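Asks: Could you have a look at this structure, given as structure tokens, before my questions?
The values are calculated or read from the model by the stated rules, or taken from the named source; none is laboratory data. Please read these numbers as outputs of a predicted model, since none were measured by experiment. Cβ placement follows ideal geometry from the backbone for every residue including glycine, while neighbour counts extend to all protein chains displayed.
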Amino acid sequence: MRYQLICCASRSLIADATPPAPVPPPGHAPSSARGGAGAGAAGGAVIMPLFRRGVDRERFECGVAWLRKNVQQVRQGSAVVGYPYLGPHLAPI
């Protein structure tokens, strides 16, 4: 799955280990063209909450959107290759 779930009971989180590459300022070459590390190596994971209390609404909604994308990926079967026993259990979803 694209987004990693971090289960902490009612304070669960969802993480994106590959955040989008930053846009370089006009006139500057991308870091890979200069021989530097790629964008994935430079940054850490972006973590969004899956709980509402005490967090920004936008961050919560982004986390829920990522969770929906994970569910959609599982339903399409791209994440369950090698796990044939999951097929019958995912049909009701």
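Asks: Of the residues that make up segment 19-39, is at least one within 13 Å of the chain's Cα centre (by Cα), of a type in the set (S, T, N, Q) and either modelled with pLDDT under 75 or surrounded by 14 or more Cβ atoms within 10 Å (Cβ to Cβ) (or both)?
Replies: No, the conditions are met nowhere in segment 19-39.
Asks: Find all pairs meeting these conditions: Cβ atoms under 6 angstrom apart; at least six residues apart or on different chains; first residue within segment 44-67 and on the phi < 0 side of the Ramachandran plot; second residue surrounded by 13 or more Cβ atoms within 10 Å (Cβ to Cβ) and polar (S, T, N, Q).
Replies: Between residues of segment 44-67 that are on the phi < 0 side of the Ramachandran plot and residues that are surrounded by 13 or more Cβ atoms within 10 Å (Cβ to Cβ) and polar (S, T, N, Q), the close pairs are Leu50/Ser12.
Asks: Looking only at segment 40-81, which residues are over 18 Å from Ala17 (Cα atoms) and at pLDDT below 60?
Replies: Ser78, Val80, Val81
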